[in-house]
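What follows is a set of notes on a single structure, which appears directly below.
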Amino acid sequence: MKRLLHVAAAFSLLLCCGQGRVSLHAQTALEQLQAAPRPHFRAGHTLLPLSFWGPEFPFEVRMELARHWGYALQFGRLRPELVKQLEDPESVVSKVCAEAAADPKGLPLHVITAPAFSVREYLDDLPPDTWCRDAEGKLIDDQKVWSPEAPDETFRRIADYEVQMLKKVQEKAPIAILTNGGEYALGVVGHNLKYWERDPKVLKAKGDRDWYGYISERKAHQELIISRRLRELCPQRQLYIYYYTDGCPHRSRYDGWWEWAWDYKYMRPISDLPNSSLYYGHYNTGWGGQYDMLTQALNSVAQQISVGDALSYNWTCAGWPGTGRWVDNPISDQAHYLGYLKCYYTAGMIGGVAGYFEYDDAANWIWQLMALGQVHALFSHLEEFLRQGDLLPGPNMHRWSKDLPAYELPTGDEGVRVLARRHQKRSEWLLTAWAATGEDRQVTVEVPGLGQVTLEARACGSVYRAVVKQGKPALRLVDKDGMVPTAGL
């Protein structure tokens, strides 16, 4: 649930660096970034720039993240008042665009489109049949509820509004990353069925189809009108994604899961890559428990791989104070978050959105951006395994989606997770072992084609390269310093 709030300038942070723990008190976000060990990226890598959903940082913070942590340069949330600031050469957005224009490869620009906010300004001007209506043509329960049969003109107007602002930005600098914040227009069955089933026009259009398929097809049709316009405007972009476009993380977890999702087979054309939304403690039990995040992530991955989409760009968060219902502590420790991200990258992640949704204290969020940057840098050295490798399905089916592979290797220890990729062009494997719960410990697993290996499973994850030498597996630990995984690379 993305909430935009203002962020203060100075905070405190307890930052774990390498094998030591360094306490940094009352430091600004910039000071924290500058004090932390910077990640080392492989020269010439083609992983996508990271992005961020949240407050608009001071200029210096934006530049630090873009120059040293793998992030695109933050423009901010597209809205008239921000675009207006482009007329002032001394404004932050003007300085950002000037930097991006001068070095578009080194400082790629990220813009958030947010129709959820924009559409509020012109709701009353949209066509009358945008909304569900009863047999007499009246709003149902006097509510403006988006109709699955809303006219295409409605979505052309939304696209026009966003494009008009984006063109002003493009006059100043090319746009590399475009993220659509979603959460507008047609909703899911669980929220709106009671309105749709009282609209004769909707019922006639649905016919004998099930609600899940019908609503998914209509949501994709409507959003594709906007998506096509935005992508046509930015043909040289590196990425456009709509929040969110993925295989449902909760698929088959419980009987009514489909009421709260759209079917990926319809939705996949609206984004350049699948992108899941998984936040620590938010409708999950964190790193362990009955509904852990990695099991959810791999549920989405399995669905996406089944239709040929092996790579992803995901929305991530290690928790915020307001999400404590599912876990004892609403914010993860840094080590386990790093371990989770290493697993997610091993599963095909080539970038992501760092998010934080309650901007109370930088101690809770700046390290999350740095953690994503550290893991992103690690996998810049392992990119060939992502782009030229396959995630091994393992011998078991997924815990919930029993028609799809689990995409992990059994360890005999429910608290230890192991994922593996095999290179497509040579006999080499990438292995990641994670102590999701409990102490760091060794685990022995059978890797197809490689053989039986013993791995050190750490809370912060352990990433290995493996080959066969003289008939036996030979392993090399890539991230010797698990907390600063590119140290020495």
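FYI, it's all coordinate maths here, none of it is from the lab. Since this is a predicted model, take the numbers as computed values, not measurements. Counting neighbours? That spans all protein chains shown, and the Cβs are built from the backbone with ideal geometry, glycine included.
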message: Less than 13 Å Cβ to Cβ from ARG426, Lys/Arg counted +1 and Asp/Glu -1: what total charge do the surrounding residues give?
response: +1
statement: For the chain, the longest principal axis of the Cα atoms and the Cα long axis of helix 152-170 enclose an angle in degrees, to the nearest 10, of 60
query: What are the semi-axes of the equivalent ellipsoid of the chain, taken as the square roots of 5 times the eigenvalues of the Cα gyration tensor, listed largest first and rounded to whole Å?
result: 37, 29, 20
- request: Please arrange TYR254, TYR356 by counting, for each residue, the other beta carbons lying within 10 Å of its beta carbon, fewest first.
  value: TYR254, TYR356
field: Peptides 84-94, 225-235 ordered by average Cβ neighbours within 10 Å, highest first
entry: 225-235, 84-94
Cα→Cβ-extended label distance, 7 Å offset, between LYS402 and ASP152, nm: 4.4
query: Packing-wise, with mean Cβ within 10 Å as the measure, how do 378-389, 341-352, 163-174 rank, highest first?
result: 341-352, 378-389, 163-174
15 Å cut-off, amide nitrogen to a point 7 angstrom out along GLN424 Cα→Cβ, residues in the stretch 280-308: 305-308
field: Separation of alpha-carbon centers, the stretch 221-258 and the stretch 76-116, rounded to whole Å
entry: 24
statement: Quick calc, ALA101 & GLN442: beta-carbon distance into FRET formula, R0 51 Å, rounding 0.05, result 0.50
task: Determine the relative contact order of the chain: mean sequence separation of Cα pairs under 8 Å and six or more apart, normalised by residue count, in whole percent.
output: 15
field: 0 to 90° range, to nearest 10: angle between helix 211-233 axis and the chain longest Cα axis
entry: 90
Note, ³J(HN,Hα) from phi for the stretch 27-35, Karplus 6.51, -1.76, 1.60, rounded to Hz, x at Gly and Pro: 9, 6, 4, 4, 4, 5, 4, 6, 7
task: Quick one: check the C-alpha center-to-center distance for the stretch 282-309 versus the stretch 157-210, whole angstrom.
output: 25
- prompt: Using unit Cβ charges (K, R positive; D, E negative) and no other charged atoms, how large, in debye to the nearest 20, is the dipole of the chain about its Cα centre?
  reply: 1300
statement: Rounded to the nearest 10, the angle in degrees between the Cα long axis of helix 334-346 and the longest principal axis of the Cα atoms of the chain comes to 80
field: Kirkwood-based Rg to Rh ratio, the stretch 359-429, C-alpha trace
entry: 1.11
query: Over the stretch 337-429, what is the relative contact order in whole percent, taking alpha-carbon pairs under 8 Å and six or more residues apart?
result: 26
query: How big is the Rg/Rh ratio for the stretch 172-229, C-alpha atoms only, Rh by Kirkwood, two decimals?
result: 1.12
query: Using helices alone, what [θ] at 222 nm do you get for the chain, with -39,500 (n - 2.57) per DSSP H run of 4 or more residues, divided over all residues and rounded to the nearest 500?
result: -9000 deg cm²/dmol
